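Laboratory data are not the source of any read-out in this text; all were calculated from the coordinates shown. Model, not experiment: these values are computed from the prediction. Glycine gets a Cβ as well: all are built from the backbone with ideal geometry, and neighbour counts include every protein chain shown.
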Amino acid sequence: MGTTVVGFRLGWDRKGRQATVVLTQAGILHHGSGLLGMPQRPARPQAPAAADPHPVPRQAATLRRVYAGLVHQGYGRELIPPVCVRLDTDERPLHPRGEHAPRAHPELIAEFTGAAPCGPGTLDDALTAFYTAIGLTPPAPAATPPPGPGGVPPAVRRALGALAEGRTLASRPGRGTGWSVTGAGVRLHAGPGGADLTHREVAELQAALTAWLRHQRGPGAGARAR
């Protein structure tokens, strides 16, 4: 029958050690460690609590903490980058305690080591593939809300609205020097001798440039710039 797993192997070159961690679709975390180039010594698996209604997401969070902890400890080289694979090895009962508690499972760790590809991969991508393979919906990433209008000065909001409507922002006429700002770019106009901007003109230009920078972050900014 087999099982689907997600896991990784990290190495600590200075100490000459390696660590392998594998999470199965039943929510069991398998650990193995040892010297680089030598067979792994499996530890007793970590089974979820019997009453846990969501064992896999909870154990996946533990997998993330274990990965971060190993890297912090010194296991900085990915010998097997995080990956999701399908194994032929059957899982053992997942009772967390008692005579039916899962025993160390060297065969599962060994098959994972042999089946896992050595290409690049991230833990996020591996967990997403794992969730998909076992029929669970991957947790949605936390979205960063766009900055609200409350922190934007009124002059910038007005200028931003003008750019969104396709209008041109420009300095006051009647001087030899000036500037204009559109959705496509910023242009300076310099007369023969130039002139210093007043404080008010500097504030207007700052508002226009701030609005233009925000305008460029919006949808279709690349097309506008061209």
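What's the extension gain from Arg44 to Ala184 if we count 0.36 nm per residue and subtract their Cα-Cα distance?
44.2 nm
Taking neighbour counts of Cβ atoms within 10 Å as a proxy for exposure, in what order, fewest first, do Leu36, Leu163 appear? Kindly include the intermediate steps, with their values, before the conclusion.
Values: Leu36 13, Leu163 22.
Lowest count first: Leu36, Leu163.
Would you please give the residues with an amide H less than 5 Å from that of Trp179, counting only those at least 5 places away or on a separate chain, with H modeled from the backbone geometry?
When sequence neighbours closer than 5 places are left aside, the close amide H contacts are Ser171, His189.
Suppose we take every Cα in region 3-133 and form the convex hull; what volume per residue is that in Å³?
Numbers: hull volume 13.0 nm³, N = 131.
So the per-residue Cα hull volume is 99 Å³.
Kindly rank 85-91, 18-24 from highest to lowest mean number of other beta carbons found within 10 Å of each residue.
18-24, 85-91
Taking other Cβ within 10 Å of each residue's Cβ, how do Ile80, Ile28 sort, fewest first? Before the final figure, lay out the partial values.
On the way: Ile80 20, Ile28 25.
If I rank by nearby Cβ atoms, fewest first, I get Ile80, Ile28.
Mind giving me the nanometre distance, one decimal, between the label points for Ala115 and His54, set 7 Å out from Cα along Cα→Cβ?
Taking the simple label geometry, Ala115 and His54 are separated by 2.7 nm.
Can you give the extra length, in nm with one decimal, that the chain gains between Thr132 and Ala61 once fully stretched, where that is 0.36 nm per residue apart less the Cα-Cα distance?
Numbers: separation 71, 0.36 × 71 = 25.56 nm, distance 1.63 nm.
Gain on stretching Thr132 to Ala61: 23.9 nm.
If Lys and Arg each add +1 and Asp and Glu each add -1, what is the summed charge of the other residues whose beta carbon sits under 14 Å from the beta carbon of Gly32?
+3
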